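Peer 1: Sharing a structure with you now.
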Amino acid sequence: MTAGGPFGAAWSAALARAPEAELEAWLALAHAAADEADELARATFRRDLQISTKPDRTLVTEVDTAIERAIRARIKAAYPDHGLVGEEYGVEAGDAATRWYIDPIDGTHNFVRGVPLFGTLIAVEREGELQAAVLSAPSLHERWWARRGGGAWAKSMDEGPRRIRVSGVANLADAQVFYGSGQEIAASGRAPGFHALLDAAWRERGFGDFWGYALLAEGAAEAMVEVGLSSWDAAAPTVLVEEAGGRVSDFDGRRAIDAGTFVATNGLMHDEVLARLRG
């Protein structure tokens, strides 16, 4: 991904690196994989789980690994030459021109504790540029998806697909700001102005993980701030937010998904949010 400050639907559409038919095929595969992941997650949510701790002290369940194995198998069956980047099983064919990012359960700690805010994130990139993504939240019965030039979309259990867009709020004093762990953001030392940013906003809430980005893409918030992200955490939200008309970057303003810091906004106040985070 390249550095840059532009944003908007036309700008996002220009990032397409594949024909529309191919983008739609990738999106269809991601939807099918998310359907299977939803069934696996629902079958085990709020039930006895085998839980282990990874070296970085994060939790992993047998459902995380089962979902990622299923998604990998589905992708490799359809596209044997594509690469894979997943949370649980790492990188496979990392130098492939087309690669898939897989987060089998984003919000594993929520899943383990019986909190329904968890989801499966799937994204595909071509030649270093993210192209399409699906974010699926089985316990919320909601799903969000986007592809370059195709807009951002959402669907709830009791409704058909609806086109979503970021809000038009331009003043921080009128903005709703979401974030992941406030403690982790403060402890990172990367955002000395974090609390001042919250003080300047109309309203702030700790809606972390994928849901904060989905709500921002729907126009329910103007900014989402997190630290400690990996590429598989940020890949799918990037496509969704940008196709909804918003902007993403790390805390230094670089358009990157592997920097460990991540800011998404409606685009109108991105530079101000970054400036305030830096203090």
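Peer 1: In what order, largest first, do ARG203, ARG47, ARG72 sit by accessible area if the probe radius is 1.4 Å?
Peer 2: From most exposed to least exposed: ARG47, ARG203, ARG72.
Peer 1: Share of antiparallel DSSP beta bridges in region 63-174, in percent to the nearest 5?
Peer 2: 90 percent
Peer 1: On to the next question. Calculate the FRET efficiency for VAL115 and ALA28 from the Cβ-Cβ distance with a Förster distance of 25 Å, rounded to the nearest 0.05.
Peer 2: 0.25
Peer 1: So how do ASP258, ASP95 rank on accessible area, 1.4 Å probe, biggest first, that is with the largest at the start?
Peer 2: Sorted descending by solvent-accessible area, the residues read ASP95, ASP258.
Peer 1: Of all beta bridges DSSP finds with both residues in the chain, what is the antiparallel percent, to the nearest 5?
Peer 2: That works out to approximately 80 percent antiparallel.
Peer 1: Percent of accessible area on the chain owned by carbon and sulfur, 1.4 Å probe?
Peer 2: Carbon with sulfur: 49 percent of the solvent-accessible area.
Peer 1: Quick one: dipole size for the chain, taken about the Cα centre, charges +1 on Lys/Arg Cβ and -1 on Asp/Glu Cβ, in debye to the nearest 20.
Peer 2: Dipole magnitude for the chain comes out near 260 debye.
Peer 1: Sorted by average packing, counted as other Cβ atoms within 10 angstrom per residue and highest first, what order do 186-192, 171-177 take?
Peer 2: Per-residue mean Cβ counts within 10 Å order the peptides as 171-177, 186-192.
Peer 1: How big is the Kirkwood radius of the chain, worked out from every pair of different alpha carbons and given in Å to one decimal?
Peer 2: 18.6 Å
Peer 1: Let me ask you something else. Work out the FRET efficiency for ARG162 and ALA21 from their Cβ-Cβ distance, taking R0 = 25 Å, and round it to the nearest 0.05.
Peer 2: After rounding to 0.05, the efficiency reads 0.60.
Peer 1: If we restrict to alpha carbons, what Rg and Dmax does region 97-186 come to, in Å?
Peer 2: Rg then Dmax for region 97-186, in Å: 15.6, 43.
Peer 1: I would also like to ask the following. Can you give the Rg to Rh ratio of region 120-278, both from alpha-carbon atoms, with Rh computed by the Kirkwood formula?
Peer 2: On the Cα set of region 120-278, Rg over Rh gives 0.95.
Peer 1: Stretch ARG46-GLU62 to full length: gain in nm at 0.36 nm per residue minus the Cα-Cα span?
Peer 2: 4.4 nm
Peer 1: Also, I was wondering about something else. Got a sec? What order do GLU92, GLU87, GLU39 fall in by accessible area at 1.4 Å, biggest, i.e. largest, first?
Peer 2: Ranked from most to least accessible, the order is GLU39, GLU92, GLU87.
Peer 1: What residue among ALA37, ALA97, ALA221 shows peak mean-square fluctuation when the chain is described by a Gaussian network model with Cα springs under 10 Å?
Peer 2: Maximum among the listed residues: ALA97.
Peer 1: Putting +1 on Lys and Arg Cβ atoms and -1 on Asp and Glu Cβ atoms, find which of ALA146, VAL177, ALA200 reaches farthest to the positive end of the dipole of the chain.
Peer 2: Going by the charge dipole, the pick is ALA200.
Peer 1: Still on this structure: Could you pull out which residues in region 173-217 have an amide N less than 18 Å from a spot 7 Å beyond the Cα of ASP271, following the Cα-Cβ vector?
Peer 2: 173
Peer 1: Mind giving me the nanometre distance, one decimal, between the label points for ASP199 and ARG69, set 7 Å out from Cα along Cα→Cβ?
Peer 2: Between ASP199 and ARG69, the simple spin-label model gives 5.2 nm.
The values are calculated or read from the model by the stated rules, or taken from the named source; none is laboratory data. All figures in this text were calculated on a predicted structure; none of them were measured in a lab. Please note: Cβ atoms are built from the backbone with ideal geometry, for glycine as well, and neighbour counts cover all protein chains shown. In case anyone asks, the SASA skips ligands and DNA or RNA and just uses the protein heavy atoms, side chains included. Shrake-Rupley method; radii C 1.70, N 1.55, O 1.52, S 1.80 Å.
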